[in-house]
């Protein structure tokens with residue numbers, strides 16, 4: 001790695017602050033590392049960075065937080081000066097909008113672009129882990145409830161299909177499994193849940209777990225009564241989602257979990 005890049009990486013890491021698992025940089029500290037001598041000129045780069053942030057569809061206040069910084073004067077007194085706390089994304093935008101004649105700017109662009117990409121990959125993997133774990137849990141609950149309803153009167157394949165579709169319709173505001181697959185361009189032979197968000201997987205698991213519990217607790221029997229129970233619990237789960245501004249039918253299909261599982265297996269073989 002280029003020595004200049006190593007140096008600026010060390011400088012940027014040294015001025016980085018972490019509080020409650022949140023990392024940020026002081027604009028005053030960043031100004032020095034990027035080779036600026038006056039706050040007035042650096043403010044111009046920050047202004048352009050804020051505009052770029054909003055153009056990208058993000059709230060600038062989420063990434064550029066006004067603050068104050070205490071400094072010592074020549075006489076030894078302490079006074080507070082204007083400062084701005086910056087997220088990694090904000091720092092990247094500042095570097096992108098800084099004075100390109102400064103060698104530190106190009107190096108900082110490389111550093112923050114690399115770090116931002118690493119964070120994106122980390123977040124993607126964490127989201128994949130959540131989905132994989134939730135899918136395993138849902139499979140377990142589905143297996144459990146299939147056994148429960150079978151023992152109480154739902155035995156024909158068509159009856160299982162109706163029971164499952166009633167669950168989906170109640171959770172998705174009247175939209176059937178087949179309709180959701182068409183909306184999301186999911187092959188009709190594939191399981192809808194393999195393309196769900198982690199929220200959907202958990203919602204399905206919760207509503208089916210409640211249904212399984214109530215069927216056993218209330219000793220519910222017969223296809224009609226069990227279908228009523230799964231609809232009731234799935235609608236209750238939907239109301240909870242809607243109360244948190246989550247409308248499941250508007251969520252987009254995610255990467256196929258089968259593809260993710262296959263990729264993870266290949267990674268293990270490489271390692």
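Miscellaneous remarks
- When 264, 239, 235, 247 are screened for being modelled with pLDDT under 95 and closer than 21 Å to residue 201 by Cα, only 264 passes.
- Filtered residues of the stretch 151-179 (kept if in contact (Cβ under 8 Å) with a residue 40 or more places away in the chain, farther than 20 Å from residue 235 by Cβ and either outside the structural domain of residue 210 (by TED's automatic domain parsing) or outside any helix (DSSP H, G or I) (or both)): 152, 153
- Unique residue being out of contact with any helix residue (DSSP H, G or I) (no Cβ under 8 Å at 6 or more places or on another chain), in a helix (DSSP H, G or I) and surrounded by 11 or more Cβ atoms within 10 Å (Cβ to Cβ) when the list is 148, 124, 116: 124
- Selection of the stretch 217-226 for residues being within 17 Å of residue 150 (Cβ to Cβ) and free of Cβ contacts under 8 Å to residues at least 12 places away in the same chain yields 219, 224, 225.
- Residue among 182, 221, 228 that is within 27 Å of the chain's Cα centre (by Cα) and assigned by TED's automatic domain parsing to the domain that holds residue 164: 182
- Complete set of residues in the stretch 227-251 that are closer than 29 Å to residue 150 by Cα and outside any helix (DSSP H, G or I): none
The values are calculated or read from the model by the stated rules, or taken from the named source; none is laboratory data. Because the structure is a prediction, the values reported are computed rather than measured. Glycine gets a Cβ as well: all are built from the backbone with ideal geometry, and neighbour counts include every protein chain shown.
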